[in-house]
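A quick write-up on the structure given underneath.
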Amino acid sequence: MPIVTLENVSKTYPPASRDAQPTIAVDDVSLQVEKGDVFGIIGYSGAGKSTLVRLINALEPATGGTITVDGTDITALSERDLRAVRGGIGMIFQQFNLFAAKSVRANIAYPLKLAGWSKPDIDARVTELLAFVGLSDKAKAFPEQLSGGQKQRVGIARALATRPAILLADEATSALDPQTTHEVLALLKRVNEEQGVTIVIITHEMDVIQTIATKVAVMDSGRVIEQGDVFEVFSDP
Ligand code: ADP
Ligand code: ADP
């Protein structure tokens, strides 16, 4: 069953000055992510990957086409309904985006607080998440006391806190060394297999796609130039 569908989606940014050209960041993209996929989107810097993520996460409106998330056409929603859609999507980032002044426990608790969970429910959920990502002994630490891989594990725990159906990973391993990258990818694989979370992973690193993704879309200059099963797209012709 499809969980994210893009049909002929485009995003054009207006020109920065009067004599500049508009930027077509995403150009007529159609793709379908099935429930349970680890779906990779790969392309060079400037290919339009981050813009695509912001469109799927409803952080920006598309200028054309239709985006359906979990059965809902998000291109026609009010801001209030969009917030509910965003609640069903967890995000992790290249620079982790943790709150430096909050402990690991408070970072993970943050989205649960926003969602209005009770204190006992938050405590139980955070304890469970800490165990899942292997950081139970770091609950009271602050982000600056953690390694890059540990920070990303906190990011993953925070992104999963409210049990989203989809996890969007935007260059989530690009700041990590190869060994740590593989540890984080192994954790994401468990998120997918054990928790049934659909993962969309944006990267410029082929190795990341080949390690974890089942499906891939290759982006270039705003367009998807190839897509399909990873082994088909990357097999020699
Ligand atoms: P990628 O994530 O693959 O590096 P982006 O989606 O960041 O690509 O960028 C695609 C294109 O859109 C680039 O030409 C970039 O300069 C442009 N772009 C991205 N965001 C904006 C914005 N907010 N305003 C104007 N142009 C943008
Ligand atoms: P505190 O509870 O310590 O006051 P805030 O709620 O003010 O923390 O958040 C700290 C910063 O993080 C703010 O700049 C805010 O814009 C930003 N922020 C809030 N929510 C999120 C989020 N879900 N993801 C990333 N950044 C966020």
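FYI, it's all coordinate maths here, none of it is from the lab. From a predicted model like this one, the values you see are computed outputs, not experimental measurements. Note: ideal-geometry Cβ built from the backbone for every residue, glycine included; neighbour counts use all protein chains shown.
Some observations on this one:
- Over the C-alpha atoms of the chain, the Rg to Rh ratio, Rh being the Kirkwood estimate, stands at 0.98.
- Total lysine pairs under 26 Å (Cα atoms) in the chain, excluding pairs fewer than 8 apart on one chain: 25
- Longest segment of the chain lacking trypsin sites (Lys or Arg not before Pro) that sit in a DSSP loop with at most 12 other Cβ atoms within 10 Å: 19-139
- Average Cα contact separation per residue, region 120-232, under 8 Å, 6 or more apart, as relative contact order %: 20 percent
- For region 18-119, the relative contact order works out to 15 percent when only alpha carbon pairs closer than 8 Å and six or more residues apart are counted.
- As a proxy for reagent exposure, Ser221, Ser10, Ser118 were ordered by neighbouring Cβ count within 10 angstrom, fewest first; the result is Ser118, Ser221, Ser10.
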